[in-house]
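Trainee: To start, I am sharing the structure in question, which I have written as structure tokens.
Readers should treat all values here as calculations from the given coordinates under stated rules, not as data from a laboratory. Treat the numbers as computed from the prediction; the structure is a model and nothing was measured. Don't worry about glycine lacking a Cβ; one is built from the backbone with ideal geometry, like all the others, and counts go over all protein chains shown.
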Amino acid sequence: MVADGYAAVGDSAFMTMPFMGSGIEASMQAGKMLAETVIKTRKKGYSAKNLWAYQVAFYKKLGALYMAIDVAKRWALNLDPEYINWLFGCGAITSEDLKLLSTDENNEVSISPIEIIRKIGILLSNPSLIFGLLKTLVHAVHSLLVAISIPKKYSAKRVSKWQNKYESMI
């Protein structure tokens, strides 16, 4: 978040995603966004209101997606090891699937509709996993929608209301 004279940019153990190792990359992209905002607002000062453009840009480009991925990551990190072995062993998840989570703009990995249907068929053969997966997908999409609904213009009241919704997703 931004505050008068401050903006959160950086990489820490909490911010990185073990699936992607994206913390440093995200920090570099966020730093560029912040620098662009600072250059545009240097004559106006660095209030939270003036820095808010950086916050919005970050959430539109990375933050909302990262929120959804974080929901999925937290679910996956709490899965029983037997499920994880099964998911990789049967081909429901492959190394190519993990590349889909990359924020690399040169990433040309995609998944075909036929492959999606095949993976759904595999997953349906393990009903005990389906409920948790569907619940997580719904939660991930909801969290993405909350994150992307960041107020475009700064208003302490609107930002606080959005922040409360956002934090409830975690």
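Trainee: Grab the Cα-Cα distance for residue 1 and residue 156, subtract it from 0.36 nm times how many residues apart they are, and report the gain in nm with one decimal. Before the final figure, lay out the partial values.
Mentor: Values: separation 155, 0.36 × 155 = 55.80 nm, distance 1.21 nm.
Result for the pair: 54.6 nm of gain on full extension.
Trainee: Tell me the angle of helix 113-124 to the major Cα principal axis of the chain, expressed in degrees between 0 and 90 and rounded to the nearest ten.
Mentor: The answer is roughly 70 degrees.
Trainee: Here is a further query. At most 14 other Cβ atoms within 10 Å and a DSSP loop assignment: could you name the GluC sites (Glu not before Pro) in region 102-170 that fit? Intermediate results must be reported in sequence, preceding the final value.
Mentor: Values: sites: 105, 108, 115, 167; in loops: 105, 108.
Taking region 102-170 and a limit of 14 other Cβ atoms within 10 Å, the loop GluC sites (Glu not before Pro) found are 105, 108.
Trainee: Per the helix-only calculation at 222 nm, which mean residue ellipticity applies to the chain, given -39500 (n - 2.57) for every DSSP H run of n ≥ 4 and division by its residues, nearest 500 deg cm²/dmol?
Mentor: Numbers: 8 runs with 105 residues, N = 170.
Calculated mean residue ellipticity at 222 nm is -19500 deg cm²/dmol.
Trainee: Let me ask another. In nanometres, what is the gap between the two model label sites at residue 27 and residue 131, each 7 Å from Cα along Cα-to-Cβ?
Mentor: Placing both labels 7 Å beyond Cα along the Cβ direction yields 4.2 nm.
Trainee: Using a Förster distance of 25 Å, how high is the FRET efficiency between residue 118 and residue 65, based on the Cβ-Cβ distance and rounded to 0.05?
Mentor: On the way: r = 25 Å, r/R0 = 0.99.
FRET efficiency, residue 118 to residue 65: 0.50.
Trainee: Quick check on the exposure proxy: order 2, 38, 71 from fewest to most C-beta atoms within 10 angstrom.
Mentor: Ascending Cβ contact count within 10 Å gives the list 38, 71, 2.
Trainee: Could I ask something else about it? Alpha carbons only, please: Rg and Dmax for the chain, in angstrom.
Mentor: Over the chain's Cα set, Rg and Dmax evaluate to 18.5, 61 Å.
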